[in-house]
Amino acid sequence: MKIKTKLRLGLGVLFSMILALSLIAASYIYALKEDTQNILQDNYKTLDYSRSMFLAIDQIRTDPDAWTRFARSLKQQESNVTEPLEGEVTGKLADHFSLLRKDPDNQQLPVLIRNDLAELTRINMEAIRAKSDKALATVQSAFIWIAITGTICFLIALTLLINLPGNVGNPIRELTESIRAIAAKQYTERLHFSGKDEFGELASSFNTMAEKLEEYDNSNLSQILVEKKRIEALINNMHEPVIGLDENKKILFANDQAVRISGIAASDLLGKSAVELAVQNDLIRALIQEKNSGNGINGHSGNAPLKIYADDKESYFEKEIVDITIVPTGERVKKFIGQVILLKNITPFKELDFAKTNFIATVSHELKTPIASIKMSLQLLESQHTGVMNEEQKQLVTSIKEDSNRLLKMTGELLNMSQVETGNIQLNIQQSSPYDILKYAIDAVKTSVEQKNIELVVHAAEQLSDVKADMEKTAWVLINFLTNAVRYSPQDGKIHIQLAGSDQGVQFMVRDEGKGIDSRYRTKIFDRYFQVPGSSKTGTGLGLAISKEFIEAQGGSIGVTSEIGMGSTFYFNLANA
Ligand code: ADP
């Protein structure tokens, strides 16, 4: 039954019962009123007339008015006959009175009249008793009916009071809970209102909605699963290892390649914390490190390749860690949700690089002997043991000497570089005087400085403490700075050399007044084989790269400050001994 109908019916019955109660009460009150009125009108009046007639008959012989009073009361009684037998007795009374009128001295007739009056009184008194009994019965039945109707009203009101709030409130509460569940994506939630009322209809609509949502959710889920499988297949078929981590560094996925090189079973890898695995596994530790610590082949820090034993040989991988961020729905701020570690197999390039380095090392080493012999031959030519040279020959010899010096410098750089690349820098770190290093370097560039008529301005702080350095290699770096400064300084220019001390160590600085270096290239000039576009092509592009390796291998730091057109300042710092 519908709630509306239930309410209407309940309240309607209650209303009808209250109406019935009122009608019953009113009808009984009316009946009681009728009964009392009847007694008063019908019987009380007859008793009153009878009493007047009794008095009149007693005085009839002494008082002539008594005849009139009797006749009047009799007449009134004749028009107030209400009870059975009352009419007959009144008729007899009237007959006896008319006989008395004709025969006033008759002694028998007043007695008969009195008997008639007594009979009349008895009839009416009995009628009064009967009517009083009837009124009592009316009162009793009124009491019973009013009590029954009142009880029914009370029971209906009580039933409504107990059931109605629950009938309406409980389904609303259940509905609220179910809506909350749906909002929390629990699409399996259903309402179970069995009735055929409005809540039954509501439950069936709600359940249809939940079913559709569930179906939609499932269809989405299956689609997402298909897409997930597709992406997994794509990642698995990639030739390079790929590992996905969540924001807590838990391994979400690792493709076949990654599993193979890690040497750990997929089941022991997936879902595990990379940080915990890193404690046992060096490779995982190297993978999750934001910066490579330099386990690479050439001691390069930053992005040194990872050396991993894979495919039955040593392989080299370049690692890239990509942070994954998303903007969650309805939010504005980006949220970090994990990382993808991509490994690029660079073994073929590394092999080529090794071949190149070996080739360079061999060639430059082999070149050293013939160049040395050329230089010796030139010295013999200059010493005039082989005869006196004319001016033209002297110039040719000088030019050959310059070229062979340059060749020697280049082969020296190439050899140094091959040492650097194979990780074979042999350092001879000793307590070295910065002044000695400075002197050694200045002596080495003296000739070229003089050739360009350059003024060397030296600002060396006094009493500098010794540094921990490989004297030869540090001087090599300073010479490289000075050679570059001379090369990029104008004719008759100035080069400032500064030695400054601090608590930690000594800074060597070379400042020129040359063309300066564009900010775009300031970090790149320390890369191997890099030359600023448009600069003199006579060099190898290796000098600064080797300098960086030499200084960093000694635990120092190297850098440059420069502005286009304002000259360049190269510096390196070494720690105190
Ligand atoms: P290179 O053998 O070419 O000199 P370097 O590694 O010594 O190799 O220098 C790399 C590049 O840095 C040079 O090609 C040049 O363009 C730039 N460079 C080095 N020193 C200076 C300097 N003092 N002034 C301007 N540019 C310089």
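Note on region 314-455: with charges restricted to the Cβ of Lys and Arg (+1) and Asp and Glu (-1), its dipole about the Cα centre is near 340 debye. Residue order by solvent-accessible surface for 189, 290, 462 is 462, 290, 189, largest first, with ligands and nucleic acids left out and a 1.4 Å probe. For residue 454, the solvent-accessible surface with a 1.4 Å probe is about 20 Å², rounded to the nearest 10. Two numbers describe the Cα atoms of region 3-168: Rg and Dmax, which are 27.5, 93 Å. With θ taken as phi - 60° and the Karplus curve 6.51 cos²θ - 1.76 cosθ + 1.60 applied, the whole-hertz 3J(HN,Hα) list for region 349-361 is 5, 4, 4, 4, 4, 4, 4, 4, 4, 4, 4, 4, 4 Hz, x standing for glycine and proline. Overall shape of region 476-577 was characterised from the C-alpha gyration tensor. The equivalent ellipsoid obtained from it has semi-axes of 22, 16, 12 Å, in decreasing order. Between residue 380 and residue 398, the modelled labels are 2.4 nm apart [label points 7 Å from Cα along Cα→Cβ].
The spacing between region 463-484 and region 188-263, judged by their C-alpha centroids, is 64 Å. For the chain, a simple Cβ point-charge model (Lys and Arg +1, Asp and Glu -1, everything else neutral) yields a dipole of about 560 debye relative to the Cα centre. Within region 76-117, the proportion of Cα pairs with more than 11 Å between them is 62 percent.
Taking every alpha-carbon pair in the chain and binning the separations at 20 Å intervals from zero gives 13, 21, 15, 10, 9, 8, 8, 7, 7, 2, 0, 0 percent. Net length available on complete extension from residue 419 to residue 552 is 46.4 nm, with 0.36 nm assigned per residue and the Cα-Cα distance removed. Backbone phi angles across region 268-284, fed through the Karplus curve with coefficients 6.51, -1.76 and 1.60 (θ = phi - 60°), yield HN-Hα couplings of 8, 9, 5, x, 8, 6, 5, 5, 5, 4, 5, 4, 8, 10, 4, 5, 4 Hz in residue order; Gly and Pro are listed as x. Before rounding to the nearest 500, sum -39500 (n - 2.57) across all DSSP H runs of length at least 4 in the chain and divide by the residue total; then give [θ] at 222 nm in deg cm²/dmol. My calculation for the chain gives -20500 deg cm²/dmol from helical runs alone.
Among the listed pairs 313/350; 368/401; 446/494; 368/494, those whose Cα-Cα separation exceeds 22 Å are 368/494. Here residue 515 is the anchor, and the aspartates and glutamates within straight C-alpha reach of less than 15 Å, apart from those fewer than 8 places off in the same chain, are 492, 563.
Taking a quarter of the surface of the Cα convex hull of region 36-87 gives a mean projected area of 3.6 nm². Ordering of 26-36, 51-61 by packing is 51-61, 26-36, highest average first (other Cβ atoms within 10 Å, averaged per residue).
In this view, the solvent-accessible surface of residue 238, computed with a 1.4 Å probe and all protein chains in place, comes to about 80 Å².
Here is the result for region 310-369: no chymotrypsin sites (Phe, Trp or Tyr not before Pro) lie in DSSP coil with at most 13 other C-beta atoms within 10 angstrom of their C-beta.
Treating r as the C-beta distance of residue 346 and residue 455 and R0 as 60 Å, the FRET efficiency rounds to 0.80.
Normalised by 2.2 N^0.38 Å, where N counts its residues, the alpha-carbon radius of gyration of region 123-171 equals 2.17. Note that region 188-273 carries a Kirkwood radius of 16.4 Å, evaluated over its alpha carbons pair by pair. Near residue 557, the amide H atoms lying under 5 Å from its own belong to 573; only residues 5 or more places off or on other chains count, and H is placed 1.01 Å from N. Relative to the globular-protein estimate of 2.2 N^0.38 Å, the Cα radius of gyration of region 237-345 stands at 1.11. Scaled to the globular estimate 2.2 N^0.38 Å, the Cα spread of region 368-456, given as radius of gyration, is 1.43. Hey, if you drop one equal point scatterer on each alpha-carbon of region 390-541 and run the Debye formula without solvent, what base-10 log of I(q)/I(0) do you get at q = 0.19 Å⁻¹? The calculated log intensity ratios at q = 0.19 Å⁻¹ are -1.42. The lysines whose alpha-carbon is closer than 21 Å to the alpha-carbon of residue 250, local same-chain residues fewer than 8 away aside, are 228, 229, 272, 291, 319, 334, 335. Hey, which lysines would be in cross-link range of residue 45, C-alpha to C-alpha under 24 Å, not counting anything within fewer than 8 residues on its own chain? Partners found: 33, 75, 92, 131, 134.
The values are calculated or read from the model by the stated rules, or taken from the named source; none is laboratory data. What you are looking at is a predicted structure, and each value in this text was computed from that prediction instead of being measured. Positions of Cβ are generated from backbone atoms using ideal geometry, with glycine treated the same way; all protein chains shown enter the neighbour counts. When the accessible area is computed, the model is the full protein with side chains, heavy atoms only, and any ligands, DNA or RNA have been set aside. Shrake-Rupley method; radii C 1.70, N 1.55, O 1.52, S 1.80 Å.
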